[in-house]
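Accompanying notes for the structure given below.
The values are calculated or read from the model by the stated rules, or taken from the named source; none is laboratory data. The structure displayed is predicted, hence computed values, not measured ones. Using ideal geometry, Cβ is built from the backbone for each residue, glycine included, and neighbour counts are taken over all protein chains shown.
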């Protein structure tokens, strides 16, 4: 029954990839289509409002500077609101201004689509901050990621010198994808009993006669975009484990689909742009294969239970239920954990710190690879980066100049791809080592031994992959963690985005090389295998020593 | 005062990203 639940959700995703991918392709193809009729009037109004009459194509450099400047303005505005929230409207619960380093961490966290929360939403943020900073950033960070991914796709599949107009892509991402989808999902969640109100905290009498405060607020609207934008976090500190965020198994499936469908449809969008949908299905197949592998690891590890608990004679028939919600059980908890770390959403419906060592390894590995569907747009860009690397390695093996989609891959592209690939493990492993070397880092570790290593490794991996979930036993709301994870989130977001836009800008100007019988094909089963192999080999070479010290050592000690 | 440090840190990091864009531009051109 558990496996059947999982298979049904996967089947829904596979069935919806093509129609959703077709819609997304039409949104960004800039050819006249039906979606113009529905949303064109709103976009024309916005363009007039921001003085964007003409929307010329941008070179990759102009595109990168545009998205960077837009993000800087949003960061400045958000930081100001968090530091002044006490004096701003919609603060019925009298919440104070946020501390400086925590504001720094929070604003970076939400701008980079990480949504790592070193605070608890119901006590740390006013309703105004929840809506004007947190929710606003959830839309804009997702739209930024989506826009960059589409620009990258245009670069590797198109001709000319430009890769689209950032502001046009950014506006369209909001008007045609995220806002309509968020409205629909919000209404569905409200219908399924998720609160949506500006009323203050409820004070109720318990059965024992004591007084208890129950936090409520505009939950449903935040809940919808936090998943649709693969943002993560939550209105409440417990995220989607909280019954007001995720009351039933049905809302759980809706939330899983909300965060999974758009990233899953992007490979198909890439195939449409490449005028060969087989290219997209090869990438989708590689992502889904990796996903099913990691999901199986999580599911069967949790189902087996915790050996240390089992020897105590505790009933293990339900699996390892520590830190999980009874209404979801092992299947829906495992699937949620696998999807939230694959799509780098980072919201949780069970506590990842209490996953079994191998279950925790599954979630950790998905973030380390950062290509298994991935966050809004970023996962596809990373996977295509590995595809180009795979083509390059195969070219070296047969002594032929590598080509990808009819363009020669030269040292300039490989230099940029090497930086993007190597930056990810560096910004995870270097701060992890620093945390162990300093009292500031060690002082926050609440579990001795291997699990303590996993806690720190998970925190920086989650930050670098812009995921945002955590092994929350780590006491991480300190200036040391706020600043170091803040910097890791920034580097994890922008280095690969800028480098890959540069690759797109380089490829878009190149002459097409006609396909011959000797051309290495990237739309068949052989390349599907090479792509998976490239991802796993690079991942193992960079991260295996660290995960042996953490989750694998912990698993072996459990017996 | 801590606010100023946070703003300077953010400005410094975003400045580095702009420098990275310029450097990537050189790699693409050269």
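Among the candidates A:101, A:126, which residue alone is more than 30 Å from residue A:267 (Cβ to Cβ) and within 11 Å of chain B (Cβ to nearest Cβ)?
Result: A:101 is the single residue among A:101, A:126 that is more than 30 Å from residue A:267 (Cβ to Cβ) and within 11 Å of chain B (Cβ to nearest Cβ).
Restricting to segment B:6-30, count the residues that are over 30 Å from residue A:410 (Cβ atoms) and more than 8 Å from chain A (Cβ to nearest Cβ).
3
In segment A:68-82, which residue that is within 13 Å of chain B (Cβ to nearest Cβ) and under 26 Å from residue A:199 (Cβ atoms) is surrounded by the fewest Cβ atoms within 10 Å (Cβ to Cβ)?
A:78
Name the residue, out of A:421, A:417, A:428, that is over 20 Å from residue A:548 (Cα atoms), more than 14 Å from chain B (Cβ to nearest Cβ) and not in a loop (DSSP other than H, G, I, E, B).
A:421 is the lone residue from the list that is over 20 Å from residue A:548 (Cα atoms), more than 14 Å from chain B (Cβ to nearest Cβ) and not in a loop (DSSP other than H, G, I, E, B).
Restrict the check to segment A:357-380 and report whether at least one residue is without any contact (Cβ under 8 Å) to a residue 40 or more places away in the chain, assigned to a helix (DSSP H, G or I) and surrounded by fewer than 24 Cβ atoms within 10 Å (Cβ to Cβ).
No: segment A:357-380 contains no residue that is without any contact (Cβ under 8 Å) to a residue 40 or more places away in the chain, assigned to a helix (DSSP H, G or I) and surrounded by fewer than 24 Cβ atoms within 10 Å (Cβ to Cβ).
Would you confirm whether any residue within segment A:30-49 is surrounded by 14 or more Cβ atoms within 10 Å (Cβ to Cβ) and within 14 Å of chain B (Cβ to nearest Cβ)?
So far as segment A:30-49 goes, no, none of its residues is surrounded by 14 or more Cβ atoms within 10 Å (Cβ to Cβ) and within 14 Å of chain B (Cβ to nearest Cβ).
From the list A:246, A:252, which residue is in contact with a helix residue (DSSP H, G or I) (Cβ under 6 Å, 6 or more places away or on another chain) and outside any helix (DSSP H, G or I)?
Going through A:246, A:252 in turn, the sole match is A:246.
Going by what's in this entry, would residue A:389 be described as free of Cβ contacts under 8 Å to residues at least 24 places away in the same chain, away from chain B (no Cβ under 14 Å) and over 18 Å from residue A:456 (Cα atoms)?
no
Answer with yes or no whether residue A:115 is within 13 Å of another protein chain (Cβ to nearest Cβ) and at pLDDT below 90. Give the steps one after another, and end with the answer.
Details: within 13 Å of another protein chain (Cβ to nearest Cβ): no; at pLDDT below 90: yes.
No: the conditions fail for residue A:115.
Search segment A:399-413 for residues being assigned to a helix (DSSP H, G or I) and touching a residue at least 24 places away in the same chain (Cβ under 8 Å), and hand back the single one that is surrounded by the fewest Cβ atoms within 10 Å (Cβ to Cβ).
A:412
Inspect segment A:516-526 for any residue being buried (at least 16 other Cβ atoms within 10 Å of the Cβ) and not in a loop (DSSP other than H, G, I, E, B) and give the result as yes or no.
Scanning segment A:516-526 turns up no residue that is buried (at least 16 other Cβ atoms within 10 Å of the Cβ) and not in a loop (DSSP other than H, G, I, E, B).
Where in segment A:129-215 are there helices (runs of 4 or more DSSP H), lying fully within it, with 2 or more residues that are in contact with a helix residue (DSSP H, G or I) (Cβ under 7 Å, 6 or more places away or on another chain) and under 29 Å from residue A:92 (Cβ atoms)?
A:136-157, A:179-191
Here's the yes/no breakdown for (1) out of contact with any strand residue (DSSP E or B) (no Cβ under 6 Å at 6 or more places or on another chain); (2) at the interface with another protein chain (Cβ under 9 Å from one of its Cβ atoms):
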residue	(1), (2)
A:485	yes, no
A:493	yes, no
A:496	yes, no
A:502	yes, yes
A:510	no, no
A:515	yes, no
A:523	yes, no
